[in-house]
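Here is the structure we will look at, set down as structure tokens.
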Amino acid sequence: MAEIRLARCADIPALQRFFHEHWRANHILSRDEALLRWQYGRGVPGMEGESLTMLLVIEDGGIHGMLGFIPVTMRLTDGREVAGVWLSHWLVVERLRASGAGLQLLARLRQLGYEAIGVLGINATVQELYRRLGFTIIDDLPRHLAITDMDGARSLAKAAGLSLAATTLGEWLAPELAMPACVGEWKGTFGGAIKRWLCQFSASNGGTVRDAGYMEWRYMAHPRFDYRYLVRQVDGEVDGVAVWRIEQVRDRGERVLRVIELMATEDAAGELATGLTATARREGACFADLYGTRLPERGLREAGFRRLAADSSLGHWPSRFQPLDAGYTWLSGAVWCRDGNNLIDPGQVVISKSDGDVDRPN
């Protein structure tokens, strides 16, 4: 009879084999133990150091299913802060799917006391499963884009099989503006003025609480990506933070600036976004992009970012670059809250690409 239990550090070799054999051959988590430990190694509250944040289906001593989860504090729309998780890698071997083992994994997770659950990066088939389980579906996490180098963007479009007129690309070209004087790169820990702003931002926005502790784990402690930070600072106080990284397109010369977080007041957002396009040009990136809800639209427009839509002129602009994957893959997801999904309504809380595990090496 199958047993469901939390994974332990001793399970890591078997877990990596399971990723390779059942999720995808040579998946990054099947061959990068440091990344796996970073993602799942903080442990379940009260059991830190003993467990991974991964539930397993165990039968005859072997792994036959898994459900990974990333614990966070979530702020609901009523102002309460509750224990929440972002899911990743939910899979049961085909032989056990009819037994309900997959649903038992989710039920066991809920028994651990998490009051809010989210997931990003799911396909249409899985969307329907989450809908039946009472989740609210995020059809597409909004994506904004600004071209910062016409030649590089034209070359990338051609490689992706897109036939676009220069005038079309020009519509998405960000104005070439200098780095604003009040915007600069932040180096060091998330203390002082930046810590105060993160607390203020989290207190006024629902979703994952992006406080200093979260930011230090999510970005500074990441074992593979080199995240960098821009801040807007006026009279010694921070009122905007952006997290970004450079992504080199595999086997090609183009570079992309991926903006992972933009946490700013509406007034600060324009200058911070201008700082991002200036940084993209300095770094030789052909465009910058950003995913997220509740973004400061006016400030983004001022800096040249425009929101992509399926029917827009760049509706098929690529989103995956390891390697370059022709066509845009929409980033969908789902959320659930024990006390009602309205308390974590995607239109009312901040969700970014940092949530879950969609911003990771491929």
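State the extension gain, in nm to one decimal, for the chain segment bounded by E3 and E297, taking 0.36 nm per residue of separation less the distance between their alpha-carbons.
Working: separation 294, 0.36 × 294 = 105.84 nm, distance 4.83 nm.
Gain on extension, E3 to E297, equals 101.0 nm.
Counting only aspartates and glutamates at least 8 places from K158 when in the same chain, those with an alpha carbon closer than 20 Å to its own are D149, E171, E247, D251, E254, D289, D311, D325. Summarising the label geometry, the points placed 7 Å from Cα in the beta-carbon direction at R97 and A221 lie 3.6 nm from one another.
In sequence order, the range 56-73 has phi-based couplings of 10, 9, 10, 9, 6, x, x, 7, 10, x, 8, 9, x, 8, 10, x, 9, 8 Hz under the Karplus curve 6.51 cos²θ - 1.76 cosθ + 1.60, θ = phi - 60°, and Gly or Pro positions carry x. Each residue in D151, D140 was given a count of other beta-carbon atoms within 10 angstrom of its own, and listing them fewest first yields D151, D140. Karplus-based coupling profile of the range 215-232, in residue order and whole Hz: 5, 5, 5, 5, 10, 5, 8, 4, x, 10, 8, 9, 7, 10, 9, 10, 10, 9, with θ = phi - 60° in 6.51 cos²θ - 1.76 cosθ + 1.60 and x standing for Gly or Pro. Across the range 1-126, the relative contact order, built from alpha-carbon pairs under 8 Å that are at least six residues apart, equals 21 percent. Taking other C-beta atoms within 10 Å as the exposure proxy, H222, H20 rank H20, H222 from fewest upward. Considering only G207, A157, Q233, and ranking their Cα positions along the charge dipole of the range 136-248 that arises from unit charges at the beta-carbon of Lys, Arg, Asp and Glu, the one farthest toward the positive end is G207.
How big is the charge dipole of the chain about its Cα centre, in debye rounded to the nearest 20, if each Lys and Arg gets +1 on its Cβ and each Asp and Glu gets -1 on its Cβ? The partial results should precede the final answer.
Numbers: 42 positive and 45 negative charges, 101 e Å.
Here the chain has a charge dipole of around 480 debye.
Overall, the range 190-315 carries a charge dipole of about 340 debye about its Cα centre when +1 sits on the Cβ of Lys and Arg and -1 on the Cβ of Asp and Glu, all other atoms neutral. A Gaussian network model of the chain, with springs between Cα atoms under 10 Å, assigns the largest mean-square fluctuation among A165, A269, A157 to A165. Mean separation of Cα pairs under 8 Å and 6+ residues apart, divided by the residue count of the range 205-353: what relative contact order is that in percent? 22 percent. Among L300, L52, L112, the largest mean-square fluctuation in a Gaussian network model of the chain (Cα springs under 10 Å) belongs to L112.
Its Cα centre serving as origin, the range 1-150 has a Cβ charge dipole (Lys and Arg +1, Asp and Glu -1) of approximately 140 debye. Straight-distance candidates among the lysines for linking to K187, with alpha-carbon spacing under 19 Å and chain neighbours fewer than 8 residues away dropped: K195. Based on Cα contacts under 8 Å between residues 6+ apart, the chain shows a relative contact order of 21 percent. The residues K158, K353, when put in order of fewest to most other Cβ atoms within 10 Å, stand as K158, K353. For the chain, modelled as a GNM whose springs connect Cα atoms under 10 angstrom apart, the maximal fluctuation among M215, M47, M263 occurs at M47.
Where a number appears in this text, it was derived from the coordinates with a stated rule and is not lab data. The structure presented is a predicted model; accordingly, all values stated were derived computationally and were not measured. Glycine also receives a Cβ, built like all others from the backbone with ideal geometry; neighbour counts cover every protein chain displayed.
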